[in-house]
Amino acid sequence: MKIRMSSPDLSDADRQAVLDVINTPNLSMGPKIEAFEQAFCDLTGAKHAIGVNSGTAGLHLCVRAMGIGEGDLVVTTPFSFVASTNCFLFEKAIPVFVDVDPITGNIDTDLLEQAVEDVMAGGEAAKRWLPRVLPPVNAGRMKSLKALLPIDVFGQPADYDRINAIARPYSLPVIEDSCEALGGQYKGHLAGTLGDCGVFAFYPNKQITTGEGGMIITNDDEAADFMRALRNQGRAPGDTWLQHTHLGYNYRLNEMSAALGLSQISRLEELLEKRQQVADWYAHYLARIEEVTPPQLVENTTRVSWFVYVIRVARQVNRDRFAQILKERGVPVRPYFSPIHLQPFVMEMFGTQAGDYPVTEDLGNRSLALPFSGTMTEEEVVVVCQQIAEAIVTAGKQN
């Protein structure tokens, strides 16, 4: 049995939707993108949806729309995919990393509150949160705190009542990175709708896929118009084909991708339920393996949207040897995440080092993403869990 790390769940209707576009003369922006965007407005209740070619592009446009620029400070976490920090590094802004909750991997709101208070106060209080060093481009140019960028890790929304309560007194915009959480719910409210803007992503392993792609949602008219212009080489409303009011990007979502996304989103509930079933199988069979902790949900999460299925191995287990044994047995797994503050370029730019964010580092050292998709069968899940049980024993204990 060949076990795949992930696999998109594509129907014949999905494939036909793409073929229908291929057979038309319009492969760039057109009616399919407009329909896909409207579907997201209908799903989320957002006033605006802006289709883009990746979640990273979506986050970057939110950063631009919020006016974040050189020397500005942005609070986020180091336990995420690197794009959630890259999106404001592109604009030469400066990260203020805050460690995460050990259960969810989402931002620790107690630490967040303290960080925001200290950074806004400035002086000695702020220093414990700020980078040890600044790259030359930021030397002497550090400004004030400009935004919060929480991440809905692995499909479980962060604690947005608390996050917004912290942001509101300082008029700090909240950019919600929901790239992993489409369909997830926080206290009955959909992920992506809980900040000033939210971003989803549609990579092949996501809840729905467009191959590559993303979607921004917001209720801010001005920000939406600006982001629509920026995604299309800076063409503002009223510009002709070769007029460009803004410095923009080629962040457009093409018609073929939008057609696939439109077909997929019509199946969203089905796709989420299938992923939930696979997660339930994993939870059942992994319960017998005491050295493994399955994902844990918190009370505020009224619906988790399973993006990946990430376990944590006991600290006495050699995680990397365990992963290698599974690979040799035909079970692909991935360490998830590698902390952003320990990425070589971040360490070089800001002087971060091991020990700075202990919860993030502990999760990074013990977490493994298992094979996961809505197309998995119970038999495949059983095989994976059997191999995990045997590999745990073979891996032995750390000295």
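The values are calculated or read from the model by the stated rules, or taken from the named source; none is laboratory data. These numbers come from a predicted model, not from an experiment. Cβ atoms come from the backbone with ideal geometry, glycine included; neighbour counts cover every protein chain shown.
Of the residues 57, 83, only one is of a type in the set (Gly, Ala, Ser), touching a residue at least 12 places away in the same chain (Cβ under 8 Å) and more than 18 Å from residue 350 (Cβ to Cβ); which? Within the list 57, 83, the selection yields 57.
Yes/no per residue for (1) surrounded by 21 or more Cβ atoms within 10 Å (Cβ to Cβ); (2) in a strand (DSSP E or B); (3) touching a His at 6+ places or on another chain (Cβ under 9 Å):
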{"residue": "306", "(1), (2), (3)": "yes, no, no"}
{"residue": "323", "(1), (2), (3)": "no, no, no"}
{"residue": "326", "(1), (2), (3)": "yes, no, no"}
{"residue": "356", "(1), (2), (3)": "no, no, yes"}
{"residue": "365", "(1), (2), (3)": "no, no, no"}
{"residue": "379", "(1), (2), (3)": "no, no, no"}
{"residue": "383", "(1), (2), (3)": "no, no, no"}
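When region 294-339 is filtered for residues that are free of Cβ contacts under 8 Å to residues at least 12 places away in the same chain and among the charged types (D, E, K, R), the ones remaining, listed by number, are 299, 327, 328. Would you check which residues across region 190-213 are within 13 Å of the chain's Cα centre (by Cα), more than 19 Å from residue 267 (Cβ to Cβ) and among the small types (Gly, Ala, Ser) and list them? Correct list: 198 only.
Of these, 67, 55, which one is assigned by TED's automatic domain parsing to the domain that holds residue 198 and closer than 15 Å to residue 151 by Cβ?
55
Only one residue in 113, 37 is more than 26 Å from residue 347 (Cβ to Cβ), in contact with a strand residue (DSSP E or B) (Cβ under 6 Å, 6 or more places away or on another chain) and either charged (D, E, K, R) or without any contact (Cβ under 8 Å) to a residue 40 or more places away in the chain (or both), so which one is that? Walk me through it before giving the result.
Values: 113 fails: in contact with a strand residue (DSSP E or B) (Cβ under 6 Å, 6 or more places away or on another chain).
Matching residue, one of 113, 37: 37.
Of these, 180, 176, which one is assigned to a strand (DSSP E or B) and either of a type in the set (Asp, Glu) or free of Cβ contacts under 8 Å to residues at least 60 places away in the same chain (or both)? Before you say what the answer is, go through the steps one by one.
Numbers: 180 fails: assigned to a strand (DSSP E or B).
Just a single option satisfies the conditions, and that option is 176.
Could you say which residue among 28, 11, 6 is under 19 Å from the mean Cα position of the chain (by Cα) and either not assigned by TED's automatic domain parsing to the domain that holds residue 200 or not hydrophobic (A, V, I, L, M, F, W, C) (or both)?
6
Here residue 288 passes the criteria (1) surrounded by fewer than 17 Cβ atoms within 10 Å (Cβ to Cβ); (2) under 20 Å from residue 383 (Cα atoms); (3) at pLDDT 95 or above except the one numbered (3). Of everything listed in (1) among the hydrophobic types (A, V, I, L, M, F, W, C); (2) surrounded by fewer than 19 Cβ atoms within 10 Å (Cβ to Cβ); (3) in contact with a Gly (Cβ under 7 Å, 6 or more places away or on another chain), the single unmet condition for residue 41 is (3). The single condition from (1) modelled with pLDDT of 95 or more; (2) of a type in the set (A, V, I, L, M); (3) farther than 13 Å from residue 385 by Cα that residue 333 fails is (3). Once region 96-110 is narrowed to residues that are within 17 Å of the chain's Cα centre (by Cα) and of a type in the set (D, E, K, R), the residue that is nearest to residue 166 (Cα to Cα) is 108.
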